[in-house]
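Structure record follows, encoded as structure tokens.
The values are calculated or read from the model by the stated rules, or taken from the named source; none is laboratory data. Because the structure is a prediction, the values reported are computed rather than measured. Using ideal geometry, Cβ is built from the backbone for each residue, glycine included, and neighbour counts are taken over all protein chains shown.
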Amino acid sequence: MRKKSKLISVIAFLAALAFLALAILPAITSVRAATKAEIQQQINNAKNKKAELQAKQSNLQNQKKDAVAEKEALDKEIAELEDQIYSVNTIIWQKDNEIAQKEQEIAEAEEQIRIYDATFKERARAMYMHGSTSYLDVLFGAQDLADLMYKFELVSRIIDYDRNILQKLADARQKIVDAKTVIENERAEQEQYRQVLQAEDDALQVALSQREAQIASINADLEQVKREEAAKEAEIQKLNDQINAMISSGQASTTYSQGSGGPIQSTGSMVWPATSWTITSEYGTRFHPIQKVWKTHTGLDIGAGYGTPIYAADSGRVILASWNGGYGKCIMVDHGGGTSTLYGHCSSIAVSVGQTVSKGQVIGYVGSTGNSTGPHLHFEVRINGKVTNPHAYVG
């Protein structure tokens, strides 16, 4: 009797324990679902912030491009101005030499006038010493008319000769003085032109310094944005690792088991996710068409027309069906065993989170949302949360 009573007590205890387990299991499942949802939301927030940083980086790159173009234009303009200044300085130097030459010629002409004047005075002194103190004395000393005419002609020639020589010397000196004045005026014009060019050059140098400072500031901002973007990428990776740990342990499948038809039933193989087989960008390192930097391309870009159907590569359960940062409208399917696929840049989404999908089922449509340069499907295969080359699984 005691044994029977004890057995009944044990059975009652076990029944109560089972009832308690059944009562708290949904709560545990709900906690897991809430935890994963929160993590996914954190990922989405981080990706949105990363997208903002990428947009800011793109804007800074454009600003830098414009500033560099302006700097190059200023460098070219300054180089042309300095060539002009050099040419003007050369002309001024030539004018200085010409002015110096004319001053030398003026000095030589004045020396010739001085020498001739001394010669003339010497001749006059000699005539005085011989009793002919003037040209009139020579004329009045004539013996007859013929002698008078001869002496008159001689005196006239001497007078004309003296007059011509002095006039030629004076004219020659004046021509040199006039030429020197012209050269000085030309030099003054070139000097004025040089001052104008130098003022323009000084202004351009100031503008160039401002552009160089602007470029340095933009570069500093770019480095800061890159650091912030790298931090967000690390944060996203850490959060993805948490979700992938849940996926590999089966928690993600359990999360959406209620009303979803039981555990994930993947086929173990994948089909091509689009009707188009045109690959516009392979998996691996590439020069990013928007960010303009070399970085790893985490999937395949499949070129297709806007609105083209997107197919589930394998059976599984949808764990993401919403906007996802640079991926734009994005779908993620958990295939179990740590394998998941991602479909980015959709124009629209045809499934919802928690929904079970079959291999080849239409889950969305090709678009160009997020960071995209045109309609295409960005397709990723992830193993335990880490991206891998999709060619190993499809195509």
For residue 86, state whether it is in the same structural domain as residue 195 (by TED's automatic domain parsing) and touching a residue at least 40 places away in the same chain (Cβ under 8 Å).
-> no
Does residue 101 fit the bill of being modelled with pLDDT of 60 or more and farther than 30 Å from residue 202 by Cα?
-> yes
Hey, could you check region 361-394 for residues that are surrounded by 15 or more Cβ atoms within 10 Å (Cβ to Cβ) and small (Gly, Ala, Ser) and say which is nearest to residue 310 (Cα to Cα)?
-> 364
Consider residue 370 carefully, then state whether it is assigned to a strand (DSSP E or B), among the small types (Gly, Ala, Ser) and closer than 25 Å to residue 241 by Cβ.
-> no
Tell me, yes or no, whether region 106-120 has at least one residue that is buried (at least 16 other Cβ atoms within 10 Å of the Cβ), touching a helix residue (DSSP H, G or I) at 6+ places or on another chain (Cβ under 6 Å) and within 25 Å of residue 187 (Cβ to Cβ).
-> yes
